[in-house]
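Presented below is the structure to which this report refers.
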Amino acid sequence: MDETDITLAQIRDTSRLIGPYIVPTPVHSWRSPEIARLLEPGTEVTVKLELLQHTGTFKVRGALSQMLRLSPEDLKAGVTAVSAGNHAIAVAYVASMLGVSAKVVMIKTANPARLAAARSHGAEILLAEDGAAAFAMAEELVAREGRAFVHPFEGPNVTLGTATVGLELLEQGSALDAVLVAIGGGGLASGVATAVKLLCPSCRVYGIEPAGAAGMHRSFAAGAPQKLDKVATIADSLAPPLTLPYSFGVCRERIDELVIVEDDDLRRAMALIFHSLKLAVEPACAAAVAALTGPLRSVLAGKRVGLIFCGSNIDLATFSAHVRSVLQ
């Protein structure tokens with residue numbers, strides 16, 4: 001299956017497949033003096049509150065889409081995954097629900113709260129020095145123990161799972177002129193963009209990427225997936241060390257434009273979301289807001305804009321430190 005093979009019928013089938021295990025997260029029409037002051041007159045904002053999903057992020061959808069399609073033999077052998085945090089929590093959660101053994105490789109710099117959350121669902125956590133080492137450890141688990149690898153962002157089953165976010169957004173809310181979605185490896189963005197373009201081809205899709213981990217920008221410019229020599233961003237959920245062929249191909253096909261935001265833009269957006277909506281979000285979740293109130297403000301003036309609020313897995317101390325740094 002390539003990026004042109006996914007159909008709306010397949011997305012709806014996936015929605016039915018994972019439906020018993022997920023929350024159909026709500027949408028919210030964001031109207032407040034705080035956001036109005038930062039936008040051009042007439043701009044309407046609809047927020048898809050995927051941060052209210054089980055495990056606090058969209059990741060459970062991709063994990064379910066992959067794991068529910070595994071054979072009984074694969075499930076018996078167990079699963080493994082690589083993650084800085086959110087995907088690990090999602091895989092551990094789904095494995096617990098399905099009664100499956102999970103060994104998850106996490107980066108040693110992962111937020112302790114995310115490590116604790118993954119362990120709380122019963123997964124065995126292995127720590128790796130960096131992303132490359134983590135993937136190598138997971139490959140060894142696949143070879144030695146026969147575990148199925150549940151990828152954090154690559155492959156049609158991931159895209160089908162995350163496409164259900166876009167499907168819900170357009171079916172729950174009014175018509176949209178543009179959708180803004182955070183992009184790292186492209187797992188979320190590929191699915192959201194696919195669903196949006198199938199349901200509303202005229203709706204523009206923007207992928208929002210942190211400056212310190214602009215792997216998709218580099219890949220678009222090169223015309224092929226690229227590796228990053230280093231990543232340096234507070235949005236660790238958007239900082240994989242590489243892009244991969246399937247998710248890259250879908251994103252290149254379906255996303256109209258990539259937009260870069262800086263870490264301080266993310267921090268200011270986190271503060272705005274907290275003051276206006278009373279939500280404490282992780283940096284990746286603030287990416288769409290950072291772009292809307294920054295580089296896309298005039299571009300989307302007077303438009304109907306949908307934002308994906310993708311996750312909220314952040315501890316209070318880290319959240320407070322980020323917000324205080326831009327409010328001083």
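Values quoted throughout were computed directly from the atomic coordinates according to the rules given, and no laboratory measurement underlies them. None of these values were measured; they are calculated from a predicted model. Because the Cβ atoms are built from the backbone with ideal geometry, glycine has one as well, and the counts that use them run over all protein chains shown.
So here's what we get for this one:
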{"read-out": "Extended-chain gain in nm, criterion 0.36 nm per residue less alpha-carbon gap, residue 139 and residue 37", "value": "31.8 nm"}
{"read-out": "Pairs of Cα atoms farther than 34 Å apart, the chain, %", "value": "16"}
{"read-out": "Computed Rg/Rh of the range 59-149, alpha carbon atoms with Kirkwood Rh", "value": "0.94"}
{"read-out": "Inter-part distance where the range 152-210 and the range 62-129 are each reduced to a Cα centre, Å", "value": "24"}
{"read-out": "q = 0.20, 0.26, 0.29, 0.31 Å⁻¹: log10 I(q)/I(0) that the Debye formula gives for the range 236-287, counting C-alpha atoms only", "value": "-0.81, -0.99, -1.07, -1.13"}
{"read-out": "Unsatisfied cross-links (Cα-Cα over 29 Å) in the set 230/303; 48/103; 48/76; 103/230", "value": "230/303; 48/103; 48/76"}
{"read-out": "For the chain, Cys with no neighbouring Cys Cβ under 4.7 Å", "value": "251, 285, 310"}
{"read-out": "Using alpha-carbon coordinates, inclination of helix 131-145 to the longest axis of the chain, degrees", "value": "30"}
{"read-out": "Value of D in µm² per second that Stokes-Einstein yields for the range 128-251, Kirkwood Rh from Cα pairs, at 37 °C (0.692 mPa s)", "value": "213"}
{"read-out": "Under 5 Å, built H, 5+ apart or other chain: amide partners of residue 148", "value": "78, 79, 80"}
{"read-out": "Reference-scaled alpha-carbon Rg (2.2 N^0.38 Å with N residues) for the range 239-328", "value": "1.19"}
{"read-out": "Equivalent ellipsoid semi-axes, the range 1-144, via Cα gyration tensor eigenvalues times 5, rooted, Å", "value": "32, 21, 15"}
